[in-house]
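Enquirer: Here you go, one structure.
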Amino acid sequence: MADLEYEGFWNETLIQLKNILGEEVFSGWFSETKYLRESGKNITIGLPSAFHCDKVKSCYLNTIISIFKQISGEEIALELEIIKEDEKKAAHSISEALLSPVKNELIKNTAANVEKKQKNKKEAHSQMRDDYTFSRYVIGENNKFASNAAIAISENPGKAYNPFLIYGGVGLGKTHLMQAVGNYIHNNSDKDVIYNTSEEFLNKYLDALGTNTMKSFKNKYRYTDVLLIDDIQFFTDKPGVQEELFHTFNALLDAKKQLVFTCDRPITELKKFPERLISRFGLGLMVDIQPPRYEERCAILKATAEDENVSIPKEVIDLISNNISSNIRDLKAALNTLIAYTKLMGKSITLEIAQQHLKNNFNSTRNANLSMDNVIRVSAEYFGLTPNDLKGKKRSQNIVNARQIAMYIGRKMTDYSMTEIGQDFGGRDHTTVMHSIKKIEEKLYNDPSLETTINNINRSIKEFSAKY
Ligand code: ADP
Ligand code: MG
């Protein structure tokens, strides 16, 4: 490479580095770097102080070398020097350019390019979606902390934060972020990555028990480099698999292998989860993802439209962002419905078409406007009971069952808290609501036909609520 190319190469490295480390860390250590020279496969960079040199050497050297390798495919070494006074000014202008918002697009594109290049080299991971990557993940205030931690972990698995737990409500991007970590490590290293939903982990465990193959189960899980387990709230009240998880956990942690988990609530709110397992989580980092705010919803819609190569008028973005607020899955689904429809009809997307076509999407999402009253009324009717049966104290089998289903639906369809739902069901405690939800989740697991029942009631509630 000619000298100038090396300088460009270094600037590209900085862009990647900033993406990985986040603005704050990056600007702390790299805002005043200066490309100095190259000799053979060796680049020399200037930093403002010996302190900077030490820090970069001890904490970021490996990351930088691995970025070098990603970009160039070659082993390139890095030398650090302290910048002389008169060179400092020039260094500043580069960093300012990098920190300016205009470059954000560039950063995103570069990250996407790296991911694309890598994808060609390596087969997609069999257990994860290959589009769940960082380049398709919109970072906003709601998920900034979780995203930055996830990026740091991707670069330094087993070292940065271990174990790492991402928690938050349904459809907020936990699985996507977790798989972005998995995909990044899978695509950029030789490390073994296992991704399992908690249910898959449980089934494999039961399988191993049933077929006397615990040894190979243990070998598989306790010697992987990275273990990702999604939705661990599923392990509640399942002591056998909890025990196995605990041992897997310890073996991997001892060996400095990366563990990542997701959960739909803070770990401390998991009931019937052994204390010793919970305390293990305290060793690492637990971060939540919040529901997206309006600006973040707009940003996600715009990014989705870009990925699909369609242009969406601003008022349509506003319309969707205004009507779907608590769940990114629903947000994207609405936009995709619209895109599919307009493509099929050969039309371009307008506000009018959006209003017409998305009516159902707007009604069908978790909806704060949906009242518990309607949930109770329609559920009662479905089972041939009255609302007072569900709110009252009767404990006959059929009433208890209907009551539990109604509570479950209330929790899934509305934004009401368990405490509020308990109130609406005749002043019951939130633990009763929680118990009911758990019961229904268990029943759903054993009896798939219950899902149809619940879907039917859901639909009736939506129809009823749309009318009244
Ligand atoms: P969770 O696991 O929390 O229920 P998912 O990870 O399945 O949520 O996300 C639901 C949908 O929303 C997925 O299609 C995912 O790609 C999308 N999504 C979530 N967060 C983001 C984000 N920040 N940027 C882009 N898409 C997102
Ligand atoms: Mg998920």
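Enquirer: Would you be able to say whether some residue in region 195-211 is touching a strand residue (DSSP E or B) at 6+ places or on another chain (Cβ under 7 Å), within 12 Å of ligand 1 (Cβ to nearest atom) and touching a residue at least 60 places away in the same chain (Cβ under 8 Å)?
Expert: No, because not a single residue in region 195-211 is touching a strand residue (DSSP E or B) at 6+ places or on another chain (Cβ under 7 Å), within 12 Å of ligand 1 (Cβ to nearest atom) and touching a residue at least 60 places away in the same chain (Cβ under 8 Å).
Enquirer: Go through region 264-275 residue by residue and tally those that are outside any loop (DSSP other than H, G, I, E, B) and without any contact (Cβ under 8 Å) to a residue 60 or more places away in the chain. Full working, then the answer.
Expert: At the first step, the residues of region 264-275 found to be outside any loop (DSSP other than H, G, I, E, B) are 267-269, 275.
Filter once more, keeping what is without any contact (Cβ under 8 Å) to a residue 60 or more places away in the chain: 268-269, 275.
Here the count works out to 3.
Enquirer: Turning to a different aspect of this structure: Could you look through region 157-174, keep only residues that are in contact with a Leu (Cβ under 9 Å, 6 or more places away or on another chain) and assigned to a loop (DSSP other than H, G, I, E, B), and pick out the one that is modelled with the lowest pLDDT?
Expert: Result: Ala160.
So that you can scan it fast, the table gives a plain yes or no per residue for (1) farther than 28 Å from Lys144 by Cα; (2) hydrophobic (A, V, I, L, M, F, W, C):
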site	(1), (2)
Ile278	no, yes
Pro292	no, no
Cys298	no, yes
Ala303	no, yes
Ile320	no, yes
Lys332	no, no
Thr342	yes, no
Glu352	yes, no
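Enquirer: Looking at Ala180 and the list (1) away from ligand 1 (no atom under 16 Å from the Cβ); (2) in contact with a Lys or Arg (Cβ under 9 Å, 6 or more places away or on another chain); (3) among the hydrophobic types (A, V, I, L, M, F, W, C); (4) in contact (Cβ under 8 Å) with a residue 24 or more places away in the chain, which single condition is not satisfied?
Expert: (1)
Residues are listed down the side, and each one gets a yes or a no for (1) free of Cβ contacts under 8 Å to residues at least 12 places away in the same chain; (2) within 16 Å of ligand 1 (Cβ to nearest atom); (3) farther than 30 Å from Tyr60 by Cβ; (4) buried (at least 20 other Cβ atoms within 10 Å of the Cβ):
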| residue | (1), (2), (3), (4) |
| --- | --- |
| Thr133 | no, yes, no, yes |
| Ser147 | no, yes, no, yes |
| Ala150 | no, yes, no, yes |
| Lys159 | no, no, no, no |
| Asn187 | no, no, no, yes |
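Enquirer: If you don't mind, another one. Which condition does Val170 not pass, out of (1) closer than 18 Å to Ala251 by Cβ; (2) within 16 Å of ligand 1 (Cβ to nearest atom), if it passes all the others?
Expert: For Val170, the failing item is (1).
Enquirer: Residue pairs, Cβ under 6 Å, 6 or more apart or interchain, first in region 291-315 and of a type in the set (Gly, Ala, Ser), second more than 16 Å from ligand 2 (Cβ to nearest atom). List them.
Expert: These pairs meet every condition: Ala299/Val138; Ala303/Val138; Ala305/Ile312.
Enquirer: Restricting the search to region 410-456, which residues are aromatic (Phe, Trp, Tyr) and modelled with pLDDT under 90?
Expert: Tyr416, Tyr445
Enquirer: Considering region 27-61 alone, what residues qualify as being in contact (Cβ under 8 Å) with a residue 60 or more places away in the chain, part of a helix (DSSP H, G or I) and under 14 Å from Thr13 (Cβ atoms)?
Expert: Phe30
Enquirer: Let me ask something additional. Is one or more of the residues making up region 353-367 over 30 Å from Ile421 (Cα atoms) and either in the same structural domain as Tyr408 (by TED's automatic domain parsing) or touching a Lys or Arg at 6+ places or on another chain (Cβ under 6 Å) (or both)?
Expert: no
Condition check ((1) surrounded by 16 or more Cβ atoms within 10 Å (Cβ to Cβ); (2) out of contact with any strand residue (DSSP E or B) (no Cβ under 6 Å at 6 or more places or on another chain); (3) modelled with pLDDT of 90 or more) across all residues:
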residue: Val226; (1), (2), (3): yes, no, yes
residue: Gln242; (1), (2), (3): yes, yes, yes
residue: His247; (1), (2), (3): no, yes, yes
residue: Ala255; (1), (2), (3): no, yes, yes
residue: Gln258; (1), (2), (3): yes, no, yes
residue: Glu269; (1), (2), (3): no, yes, no
residue: Met286; (1), (2), (3): yes, no, yes
residue: Ala299; (1), (2), (3): yes, yes, yes
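Enquirer: Now, a different point. Scan region 209-219 and tell me whether some residue there is in contact with a helix residue (DSSP H, G or I) (Cβ under 8 Å, 6 or more places away or on another chain) and within 14 Å of ligand 2 (Cβ to nearest atom).
Expert: Checked against the condition, which is being in contact with a helix residue (DSSP H, G or I) (Cβ under 8 Å, 6 or more places away or on another chain) and within 14 Å of ligand 2 (Cβ to nearest atom), region 209-219 yields no hits at all.
Enquirer: Taking interchain pairs and intrachain pairs at least six residues apart, which have beta carbon atoms under 6 angstrom, with the first residue in region 324-347 and farther than 16 Å from Lys412 by Cβ and touching a residue at least 24 places away in the same chain (Cβ under 8 Å) and the second of a type in the set (Ser, Thr, Tyr) and part of a helix (DSSP H, G or I)?
Expert: What qualifies is Lys332/Thr304; Leu335/Thr304.
Enquirer: Can I ask one more? Report yes if Pro274 is surrounded by fewer than 18 Cβ atoms within 10 Å (Cβ to Cβ) and closer than 12 Å to Leu165 by Cα, otherwise no.
Expert: no
The values are calculated or read from the model by the stated rules, or taken from the named source; none is laboratory data. Given the structure is predicted, the values throughout are model-derived calculations rather than measurements. Every residue, glycine as well, gets a Cβ built from its backbone with ideal geometry; the counts of neighbours run over all protein chains shown.
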